[in-house]
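All remarks here apply to the structure that follows.
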Amino acid sequence: MRYVSTRGRAPALDFTDVLLVGLAADGGLYVPEAWPALPEGWDEPRPYAELATEVLWPYVEGSALDRPALARLVEEAYATFDHPDVCPLVEIEPGLCVVELFHGPTLAFKDVALQLVGRLFDHELARRGERATIVVATSGDTGSAAIAACVGRPNLDVVVLHPAGRVSEVQRRQMTTVDAPNVHNVAIEGTFDDCQDLLKALFADEDLRRRVGLSAMNSINWARVAAQVVYYVLAAAAAGPCEVAVPTGNFGNILAGWIARRSGAPIERLVIGSNRNDILTRWARTGELVRSEVVPTLSPSMDIQVSSNHERLLFELLGRDPRATAELMERFRAVGSVEAPVDPAFVAASLDDDATLEVIADLYRRTGYLADPHTAVGIGAARACRSDGGRDDLPLVCMATAHPAKFPDAVERATGVRPALPDHLADLHDRPERYEVLPADLDAVRAHVLACAAR
Ligand SMILES: *Cc1c(COP(=O)(O)O)cnc(C)c1O
């Protein structure tokens, strides 16, 4: 399998090259040259790790990673989950299932991809005799998932910048209580935007990049998208022809659903669930992509206006024309508003915070199930699309992207019940924390990154 850039001006690469390079040199995103069919027997029940190896192999084939190594890394990655099914399908009422993607170490769906991607990075770096320093800026959730992906990996250091005093205590502790020599937490005296600006400046520093092997594991990383295809195949195998709802931010998760569908999984429709940051809902409904200001909501992991993975879908919808894609993306960046093709496979709806709380409350009243605010946006969006004249004969499957205990305040507000952390995190508030505090100053942060990589 070879990968091509959506903007057509970067060399074609194989899986392991695409894994480490992240963004293509022309500013585009790598996509497979052709979409593989689902593996034979995809709809037969089997352990998650086995299905994952089968689904992922066509994407990996032809690279330096051989099949037994892939199978071993997949097996190890999913052994870290606290549920035997890894991503269990749970029926909460007739016709409505959720796929719980939050049984990994940090209680959110990013673990499903990152537990594997951390191991893939480490394995490929070892083969090349290289090391890398992963730098992440986080407003809360991505940092802990990246740390959990890198902790103890011999060829990786991870440096996470979070805004001091501006992440929740649970979020901070999930990062700062990880005690390992290759994990480096930094509280920046500034905002999340300051952290992102520092990150960009670090990546723009050619000398630093080379010296510490600077690298990213962000949501545009192709291997993350590929790892997410697996649970859509699993859902379609269990539910048969169905509609799948996805709480959406950067479009990485739902893109994996589209790929499963493109490869032959019987997913009839994909429902984009947005909070008030609804650029994708407006796109799906009007064909116009119009950027606006980010507003904070109860589902903060979706407080995004420019969805980085959307370019991969637009490339498909433009008939895989890299010039048209580059032109569209550049115009969008310059003016913040473009007409963009749509795909009838997608429907969309957005929920404000009150509507989100109402979905959590209603679901709890009727079924006893506690949904986190992100999951509730997905379920609420699917219901809204049905009452808009959609089909209601298909089973609905919603991707449950976070454990309710990760957002206890919102869940308690809606239901009166404060969800408890699972056993492996029960003593989180008693564990010692370890982090540096630095000013939002490039020289200070740069020196720190150099010191971390030289340890
Ligand atoms: C990251 C995240 C999302 C959004 O997923 P995208 O792939 O960015 O669309 C939704 N819910 C939770 C809990 C997340 O952490």
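The values are calculated or read from the model by the stated rules, or taken from the named source; none is laboratory data. Worth saying up front: this structure is predicted, and the values here are computed from it rather than measured. Note that we place each Cβ from the backbone using ideal geometry, even for glycine, and neighbour counts take in every protein chain shown. Accessible surface is based on the protein model in full, side chains and every heavy atom, while ligands, DNA and RNA are left aside. Shrake-Rupley method; radii C 1.70, N 1.55, O 1.52, S 1.80 Å.
Summarising the strand pairing of the chain, around 25 percent of its internal DSSP beta bridges are antiparallel.
Can you check what the Kirkwood hydrodynamic radius comes to for segment 203-351, Cα pairs only, in Å to one decimal?
Values: mean 1/r = 0.0607 Å⁻¹.
Answer for segment 203-351: a Kirkwood hydrodynamic radius of 16.5 Å.
Radius of gyration over Kirkwood radius for segment 284-442, both on Cα atoms: the Rg/Rh ratio is 1.05.
Along its principal axes, segment 100-148 has C-alpha extents of 36, 23, 11 angstrom, given from the largest down.
Could you estimate the translational diffusion coefficient of segment 88-180 from the Stokes-Einstein equation, with Rh from the Kirkwood formula over C-alpha pairs, at 25 °C and 0.890 mPa s, in whole µm²/s?
Values: Rh = 14.5 Å.
D, rounded to a whole number, is 169 µm²/s.
Per residue, how much accessible area does the chain show when a 1.4 Å probe rolls over the protein heavy atoms, in square angstrom?
Working: 17810 Å² over 455 residues.
For the chain, the solvent-accessible area averages 39 Å² per residue.
Below 8 Å, C-alpha to C-alpha, sequence gap of six or more: please give me the relative contact order for segment 4-128 in percent.
On the way: 128 pairs, mean separation 23.8, N = 125.
Relative contact order of segment 4-128: 19 percent.
The fraction of accessible area contributed by carbon and sulfur in segment 2-141 is 51 percent, rounded to a whole number (1.4 Å probe; ligands and nucleic acids excluded). Here the relative contact order of segment 1-41, from alpha carbon pairs under 8 Å that lie six or more residues apart, stands at 44 percent.
Across segment 216-276, the mean sequence separation of Cα contacts (distance under 8 Å, 6 or more residues apart), normalised by length, yields a relative contact order of 40 percent.
Take every Cα-Cα pair in segment 144-264 and report what % of them are more than 20 Å apart.
Numbers: 4231 of 7260 pairs.
Of all Cα-Cα pairs in segment 144-264, 58 percent lie more than 20 Å apart.
Its residues counted as N, segment 32-91 yields a C-alpha radius of gyration over 2.2 N^0.38 Å of 1.22. Roughly how many whole Å is it from the C-alpha centroid of segment 392-455 to that of segment 268-312? The two parts, judged by their Cα centres, are 22 Å apart. Candidates Phe192, Thr367, Val335 compared by Cα position along the dipole of the chain: farthest toward the positive end lies Val335, with charges placed on Cβ.
Two decimals is fine: what is log10 I(q)/I(0) at q = 0.08 Å⁻¹ for the chain, from a Debye sum with one equal scatterer on every Cα and no solvent? Treating every Cα as an identical point scatterer, log10 I(q)/I(0) equals -0.43. If you take the Cα centroid of segment 1-27 and the Cα centroid of segment 142-191, the two points sit 28 Å apart. With all protein chains in place and a 1.4 Å probe, the accessible surface of segment 333-455 carries 49 percent carbon and sulfur.
For segment 37-129, what is the convex hull volume of the alpha-carbon atoms per residue, in Å³?
Details: hull volume 10.4 nm³, N = 93.
Convex hull of Cα atoms, per residue: 112 Å³.
The charge dipole of the chain, taken about its Cα centre with unit charges on the Cβ of Lys, Arg, Asp and Glu (plus for the first two, minus for the last two), comes to roughly 700 debye.
Beyond 18 Å, what share of the Cα-Cα pairs of segment 394-455 is found? Please give it as a whole percent.
Values: 1234 of 1891 pairs.
Of all Cα-Cα distances in segment 394-455, 65 percent exceed 18 Å.
Across the accessible surface of segment 142-276, with the other protein chains kept in place and a 1.4 Å probe, carbon and sulfur atoms take up 44 percent.
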